[in-house]
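The structure follows.
The values are calculated or read from the model by the stated rules, or taken from the named source; none is laboratory data. It should be emphasised that the depicted structure is a prediction, and the values quoted were computed from it without experimental measurement. FYI the Cβ positions are ideal-geometry reconstructions off the backbone, even for glycines, and counts take in every protein chain you see.
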Amino acid sequence: MAIKLISVLWDRETRNNINDNFRELFDLGTEIESEIKQNLSDYIPAGAITTDKTSFIRAGKNLFNQHDTVSGRVSVTGEIIDDGVNVTADYELIKQGQTYITNNPIYTAQYDKDKSFIRFLYVAKGDTLKTENNAVYIRISVNRTLASGLQVEEGNALTPYEPYMKTLVGIDIKDVSEAKTSDAKGKHFTNIKARFEEIERDVADIRPPDSNVVSDEVAEQVFIAEMNKKAARLGCDNPNFKNSSGLSAAGQLTSPKDMTLITRHAAGIAELTKVWGTKNYEVAIKGSSARTINITSSVQDAAFEQSYTILGGKTGTLGVVHNLCLVVQHKQKGHVLAGTILKADGDRWIAMKQLFDEAIKIIENNGSASPTIDAVGACAILLPANPLLHTGTPLNELFLKGNTERQSPASTTKILTSLILIESVPDLNESFSFKASDKVEDSLVFNEGDRITFKDALYLMMLHSHNTTAKAVARAVGQRIVKARGYA
C-alpha cells in the first residue's frame, strides 16, 4: 500500500488516511524485525562477537578466577614472568575509577580496552587499589599456595569468601526467565536454582551403564545362561557351560562336534575374526594405576604353520586337557578348514595337523582306512564361504572322533564368551571396571578399579586366555543384559 497524503481538512477521509499510514509503518517495522531475527547470522560474521562486545558478562563478587591461570606473575611492564612461585589469572573486566580490596597480597596490572598496559601495582593483604580512569581490564597474580582462597572484591571492606563466577550485569534475558519452566515436565519453578536442584536429583537417579541392577553373582549366571542358549541355537547337543572362563567346574563338558559348531559360527563374526588371528596386541588400562601391557597369542606354532595359515582360533589348557579350535587355510591347496581337538594325547598341534591332513585326503577322496589322530576327540569340516548362512544347519563334518566321550572345553569356552559379549555390547569401545571378586588364577594380574574397553577384553580372552577378564565380562555384561531385557 502506498503512503497516503494528509489533507489540511479534518474529515473522515483524512482520519482514515492517517490510520492507514500508521498501519503501513507498523507492518513495515514488524517485517524488518522478523527479517533481522531470521537472518541474524548473515549480519554478524563469525568472530565478530569478542569479549569487548560482551562487557555485560562480568565476574561476580570475586574478581580472581583460580581455575583460569598461568604460571608466573605480572611484571612492572604488564608482561608475565615465570617465577615458579605465583600464578596469574586471565584478563578480567573492571570498573573505571573504582576501589577494590584484597584478602591476600597480590600483584596487579591494569590495561585499556585494547589490552595495552597502563599500570602495575603491588597490593598488600587487606589493602585497596583504585583502578585508573581508562582501565578496562586487570590481571591479578598471587602466590600459588594462596590462589584457592584469594578474593579481590569491589569496595573498602572484606566480606566472606565466594568462589569466582560469571554474572550478567543490567540485563533481563528472556531465556533466563524461560529456563524456569520445564516443558518436558510441564512444571514451572520459582527460580533457576530450584530447577537445577531437581535436575541434579534426576541425574543422581541415573545408573551408569555398568552399575548393578542385580547382584554380581546373579548377573554372571544370566550371562552363562545366555551362553548355553546361544550354543543350543547353534545346534550344540545339550550344552552345559558352567562359567565364562573354562576353568574346572563339575559337569562342564562338551564334544568336538559342538565346539566345531561354535567355531564355525565364530568364523563369520567380523568383530571376532579381527581379534583371534592377531599375534600381538597392546592393552590400555585406565584408572589410578594407568598402564599398558603387551600380550601375545597362544594360537601359533611354527611347525604347524609350515603347512597351514592360521586364520583364527583358541587354545584350551586345564591340567592334562589340551584342546584346540582352529580356522585355517592349507598353504598349497587353498582349502579353508575348521576343526577341534579335545584332550590331545600329547602335542595338540601335531594332533590338529593329523586331523586337517586327513580332512584334505577325504576332500580328495583319498581318506585313510585307519587314520591316526592323537586325541580323545576330533572334528573337522570344510568351512563354508559365509558361515553365518549355515547357522543352525548340519555341520557336515569330514572327520569325527570321540564325540560321545565328552571332555572339558577348558579355555576354548572363551570363544562362546566372546560371542555373547559382541552380541550384547554394540559399542566395544565402551569400558568396564574390574572388581576384586573377578580375580581367579591368572599370570596377568588386574586390580580393583582397573578399567579397560570391551574391545581390549576380547583380545585378552582370545589371545592371552585371561580368566579374570572372562569372569569380569560375564558380570559386567550380565548386568547390561538384565537391564536391557528386564529379567534376572
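When you look at Gly84, is it in the same structural domain as Pro163 (by TED's automatic domain parsing) and either over 24 Å from Glu154 (Cβ atoms) or buried (at least 16 other Cβ atoms within 10 Å of the Cβ) (or both), yes or no?
Numbers: in the same structural domain as Pro163 (by TED's automatic domain parsing): yes; either over 24 Å from Glu154 (Cβ atoms) or buried (at least 16 other Cβ atoms within 10 Å of the Cβ) (or both): yes.
Criteria met by Gly84.
Of all residues in the stretch 339-394, which are of a type in the set (A, V, I, L, M), in contact with a Phe, Trp or Tyr (Cβ under 8 Å, 6 or more places away or on another chain) and surrounded by 21 or more Cβ atoms within 10 Å (Cβ to Cβ)?
Met352, Leu355, Ala359, Ile373, Ala378, Ala380
Of the residues in the stretch 252-299, how many are part of a strand (DSSP E or B) and hydrophobic (A, V, I, L, M, F, W, C)?
Qualifying residue count, the stretch 252-299: 5.
Output the residues belonging to the stretch 411-464 that are closer than 22 Å to Ser298 by Cα, free of Cβ contacts under 8 Å to residues at least 24 places away in the same chain and under 13 Å from the mean Cα position of the chain (by Cα).
Of everything in the stretch 411-464, nothing turns out to be closer than 22 Å to Ser298 by Cα, free of Cβ contacts under 8 Å to residues at least 24 places away in the same chain and under 13 Å from the mean Cα position of the chain (by Cα).
May I ask you to verify whether Tyr107 is hydroxyl-bearing (Ser, Thr, Tyr) and closer than 20 Å to Asp68 by Cβ?
Judged against the criteria, Tyr107 is a match.
Name the residues in the stretch 256-285 that are free of Cβ contacts under 8 Å to residues at least 40 places away in the same chain, buried (at least 16 other Cβ atoms within 10 Å of the Cβ) and among the charged types (D, E, K, R), would you?
If the condition is that a residue be free of Cβ contacts under 8 Å to residues at least 40 places away in the same chain, buried (at least 16 other Cβ atoms within 10 Å of the Cβ) and among the charged types (D, E, K, R), then Asp258 is the only one that fits.
Against the conditions (1) over 23 Å from the mean Cα position of the chain (by Cα); (2) at pLDDT below 95; (3) of a type in the set (Ser, Thr, Tyr), where does Ser288 fall short? Just the number, please.
Condition not satisfied by Ser288: (1).
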